[in-house]
Structures are given as C-alpha cells and as structure tokens.
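Quick note: the coordinates plus some simple rules give every number you see, no bench work behind them. Keep in mind that this is a model prediction, so the values were computed, not measured. As a convention, Cβ positions derive from the backbone with ideal geometry for all residues, glycine included, and neighbour counts pool all protein chains shown.
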C-alpha cells in the first residue's frame, strides 16, 4: 500500500489539544487533518471555540459524530463510571476510528498516524505512556483500526501549554476562566467536586439536563430489567446522607467547601490555571 499518510490531529477544544494544533503549525507538520469527536454532551462555548480556532488559524476542524452521550447511556441502560468508562471508547475512539477508515485506506503495516495532546502531568496512568505507541482498536462489524499514536506534548507542563497559546495570540477556551478544569463532556463523570460546584452555580441549567437524563435512564432500566434503583450520573453511594439524584448532589456540594481562593465568586474570572492576570 503506497500512499502519503495523513497526520490525524485530535482536537477537543481544550487547552492541550489546542496546544497540539498550534504545535503542528509551529513545527510545520505536513498533511494534517484536524478532527473533533462530538459527544453531544458539550457546552455551546466549545463549539464556538472550535469556530474561533478555525477563523484565527485558517484551519479546518472536521466534526465527527457518534451516537451521542445520552443515546449511548440509554442503549447501555446505565451511565458510565470511573470503573466502566465506556464513554471515551464509544464516543471518541470508535467514531474517529470509523471516520479515519472511511477517509484513508490502512492496514497493520500502514497504520493511521494519530496525534493526541495528552501529558504525563495529568495523571499517573498517562505518566507511564510512551511518546509513540502502536495500537489497534476493534469495532463491529469485525473491523480493526490500526494506529501509530504520537504524544508530542507528553513532557509538557501546563505553563508550556498556555505559552504556545500566547505565541500564536490565541485565547484559551473561555470555560477555563469560569472555573472549569476539564473541557469536554459537560460535565465529565471524572470532574472534581469543586469544579462541579462552580459549574452548577454558573450553569444551573446543567442540573435540569442531568435530572432529565437520570429519569430517562431509570425508565429504560425499569423497562428492561425491572430495576428499582435510581441511576445517577455521579457516584453517590459513598457520600453522607440520603443523596439520590443530581439535585440532591448539587445541594450537597453547595454546602461543601469552595474552591480555594474562589469563595462565593461566580461572576468574574475563576481560572485555576492563573489565566486572569
């Protein structure tokens, strides 16, 4: 198989993937295709930010859609959890694998060249990753996506991430100045309690959305399995008191500690990355 391979650049609208996009421009990486996997569980600011990047940088970010977070949970009859994080695989890895396979022929000896902006600083699991790794992802019907995955920002620290934003005169995603730590699913099941508290204060409509989703998943469980437990987006079993759903959870967080240095401030800049100077 003779071809000039594409360099597939994963863009999420977060700081690290934006830094990755900027790195490809700074390093003049050729033949790039920028792809965004839409989970349909994003804040509208993310979509606006992708358009901002396209406009300011003169690039095209291809949108790839899977079934969406809610439909996935309804199909599974449950929400993802820390021990069963099927959301990433189903909503990002699989749709991108299918899309790349449609766009570019490949096989085990000629894998897709995939670039991801993950960094060791983010987690113990990521700290053990190599800069380049070969992987294959199997998906129905009996297909395999062969990928050579590159992690060029692996050893970068967050200050380097924001430094490349400044070199290109690109503003970080506005959600970072609103107290958000993660950009992606809104909210992500792995979000910290302090971040969730800030989110629910700034965006109370999120509580209404999650409450509706919890009701829909509960109805599916009753129809399929006759279950009587109330499914929740976040793990609540280990929390004190009788917390049964997102509204109870938001109330519990409201009585808890503030993010250090951000007490009772939900109107101005609340960046944990020091972006307010």
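Descriptive notes on the structure:
- By the count of other C-beta atoms within 10 Å, a proxy for reagent exposure, 23, 156 are ordered fewest to most as 23, 156.
- Structure remark: mean-square fluctuation, Gaussian network model of the chain, C-alpha springs under 10 Å; the largest value among 187, 80, 240 belongs to 240.
- Among 137, 249, 200, residue whose mean-square fluctuation peaks in a GNM of the chain (springs only between Cα atoms under 10 Å): 137
- Zone residues, the range 127-147, relative to residue 102, backbone N less than 20 Å from point 7 Å out along Cα-to-Cβ: 137-147
- Nearest-ten-degree value, helix 158-167 long axis tilted from longest Cα axis of the chain: 60
- Among 117, 226, 77, the residue with the largest mean-square fluctuation in a Gaussian network model of the chain, with springs joining Cα atoms closer than 10 Å, is 226.
- Residues residue 163 and residue 76, FRET efficiency given R0 of 51 Å [Cβ-Cβ distance, rounded to 0.05]: 0.80
- The angle between the Cα long axis of helix 44-57 and the longest principal axis of the Cα atoms of the chain comes to about 20 degrees, rounded to the nearest 10.
- 91, 74 arranged by Cβ crowding within 10 Å, fewest neighbours leading: 74, 91
- Here the extension length gained between residue 86 and residue 122 equals 11.0 nm, from 0.36 nm per residue of separation less the Cα-Cα distance.
- Computed extension length for residue 215-residue 40: 61.2 nm, one decimal, from 0.36 nm per residue of separation with the Cα-Cα distance subtracted.
- Relative to the dominant Cα principal axis of the chain, helix 205-225 is inclined by about 90°.
- Pair residue 144, residue 55: separation of 7 Å Cα→Cβ label points (nm): 4.5
- Legend: ranking of residues 170, 183 from fewest to most surrounding C-beta atoms inside 10 Å; resulting order 170, 183.
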